[in-house]
Amino acid sequence: MLLRSLVAVTAALISTSALAEGTAPDAVAFGEDGQVMASLTNVAGDPAAGKKYFTNRKLGNCLACHVNDDASEQSFHGEVGPELNGAGSRWDEAQLRGLVVNSKKTFEDSIMPSFYRAKNGARTMEKFAGKTILSAQQVEDVVAYLITLKEE
Amino acid sequence: MKKFTKTLTCVIAASAFATVAVADEDAKLIINDELKIETNVAASADSPLDELFSGWVFRSNETQLMQMDDFDNPSFIFVEQAEEQFAKVDGTEGKACATCHEDVASFKGLRTVLPRHNASTGKLDTMATLINDCRTDRMGAEPWKFSKGKMTSMKALISLQSRGMPMNVAVDGGAAEAFEKGKELYYTRVGQLDMSCANCHEDNYGNMIRADHLSQGQTNGFPTYRLKNAKLNSIQGRFKGCMKNIRATPYKEGSDEFTALELYVASRGNGLIVESPSVRN
């Protein structure tokens, strides 16, 4: 909780200079357990928008691998990863941000894509090369959405 | 919070597999009420897989059923076209395949050993290169494009002659180098989504990835009629699709890379029964 308020204070301090593009992928700072304390944009995430990016097959496509009862209106939830029901109770915001930005910092060798990393696998198609899967604000929105997934 | 390792996914994968694939595992593949095809066989001691499964096991009941009768299997429209083509004169030499290969049944067993190292060229022969060699060198005809209809149909006809026989590609001797190369490609993470073939087909077979039930990505059923594109698909055409899905630039069909990968993937399925031409979604 100390962590949360610290983040909030820092965010407030720099919010006046909110970054339009967000922190560059290479400049994101990770904690020891893969967490990312600082918001990538200093603009509060929008959970409703986050849910859209979460389900969109061309963006998060998180349902490809995860069951999420909160999105039960969407058909076909994958089972490659754990169910995300209650993820917002199991993980804090910084850890969730770290997971979405670059899951490999939390889970070594994870199959889960790194959604905000400049350099991905070999032979990345030209039109995606050097690009992140989600934008900085989309990451913040998805994180804000994940936080709402509380244990019943 | 602790760092988690692979074991977590392994546990999840194992339990998910138990609940999802059970129904399918019970289904038996018997074609035309007479040819029983074993779809789950033991893996060799040096295999990275505990046991081998045909991709047929992971398909829906409807898709499975289509493959159980040649009248319901749409591949056979293309097999018939290939039979006609086999007898048709083509090229400057005035010859048909049948001029030299009297009975297509003489190709029995060929499918199980391809790709195969060719000592005189130092390269791997695939069914596509063997067919095109005959066309260009023996018939004076144009080579067929690798994934075009005439080629995949002819491959289906020739592969059908080996239906029911176990895959048995050689990976030693001259093939060893290609095997190693193929193996490296199989485990290399590629594309913006940063995944290797193994991430899906070794670590997660039996799991649903969105609406798809992941198989081991075996090649014993190729060419494959896919409901998705309503045509026969080649092995390397499938590799291409999988790479594109993870936003990676695929290699070209017929490239050394894809041919090495084809050998490596085929070797992972040594012992699985040829069921070409198969039906998949």
Those residues of region B:222-281 which are surrounded by 23 or more Cβ atoms within 10 Å (Cβ to Cβ), over 28 Å from A:THR132 (Cα atoms) and within 14 Å of chain A (Cβ to nearest Cβ), in sequence order: B:LEU261
Search result, residues across region B:199-220 that are out of contact with any helix residue (DSSP H, G or I) (no Cβ under 6 Å at 6 or more places or on another chain) and within 19 Å of B:ILE158 (Cβ to Cβ): B:ASN220
Region A:51-72, subset of a type in the set (A, V, I, L, M) and farther than 15 Å from A:PRO113 by Cβ, residue farthest from the other protein chains (Cβ to nearest Cβ): A:ALA71
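Just checking, which of A:SER110, A:SER75 is under 23 Å from B:ALA211 (Cα atoms), buried (at least 19 other Cβ atoms within 10 Å of the Cβ), within 14 Å of chain B (Cβ to nearest Cβ) and of a type in the set (S, T, N, Q)?
Working: A:SER75 fails: buried (at least 19 other Cβ atoms within 10 Å of the Cβ).
That would be A:SER110, the only listed residue that is under 23 Å from B:ALA211 (Cα atoms), buried (at least 19 other Cβ atoms within 10 Å of the Cβ), within 14 Å of chain B (Cβ to nearest Cβ) and of a type in the set (S, T, N, Q).
Among the listed residues B:VAL20, B:VAL57, B:VAL11, identify the single one that is closer than 30 Å to A:MET112 by Cβ and either at pLDDT 95 or above or under 18 Å from the mean Cα position of the chain (by Cα) (or both). Steps first, please.
On the way: B:VAL20 fails: either at pLDDT 95 or above or under 18 Å from the mean Cα position of the chain (by Cα) (or both); B:VAL11 fails: either at pLDDT 95 or above or under 18 Å from the mean Cα position of the chain (by Cα) (or both).
Criteria check complete, one pass: B:VAL57.
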Residues that are of a type in the set (D, E, K, R) and either exposed (fewer than 12 other Cβ atoms within 10 Å of the Cβ) or not in a helix (DSSP H, G or I) (or both), drawn from region B:105-116: B:LYS108, B:ARG116
A:VAL139 farther than 17 Å from A:LYS52 by Cβ, crowded, with 17+ Cβ neighbours inside 10 Å and more than 10 Å from chain B (Cβ to nearest Cβ): no
Among (1) more than 19 Å from B:ASN199 (Cα to Cα); (2) within 10 Å of chain B (Cβ to nearest Cβ), the one test that A:THR124 misses: (1)
Helices (runs of 4 or more DSSP H) contained entirely in region B:190-268, each with at least 2 residues that are within 22 Å of B:GLU177 (Cβ to Cβ) and modelled with pLDDT under 95: none
Yes/no for A:PHE76 being in contact with a helix residue (DSSP H, G or I) (Cβ under 6 Å, 6 or more places away or on another chain), in a loop (DSSP other than H, G, I, E, B) and hydrophobic (A, V, I, L, M, F, W, C): no
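The values are calculated or read from the model by the stated rules, or taken from the named source; none is laboratory data. Keep in mind it's a predicted model, so treat the numbers as computed, not measured. When we count neighbours, we look across all protein chains shown, and the Cβ atoms used for this are built from the backbone with ideal geometry, even at glycine.
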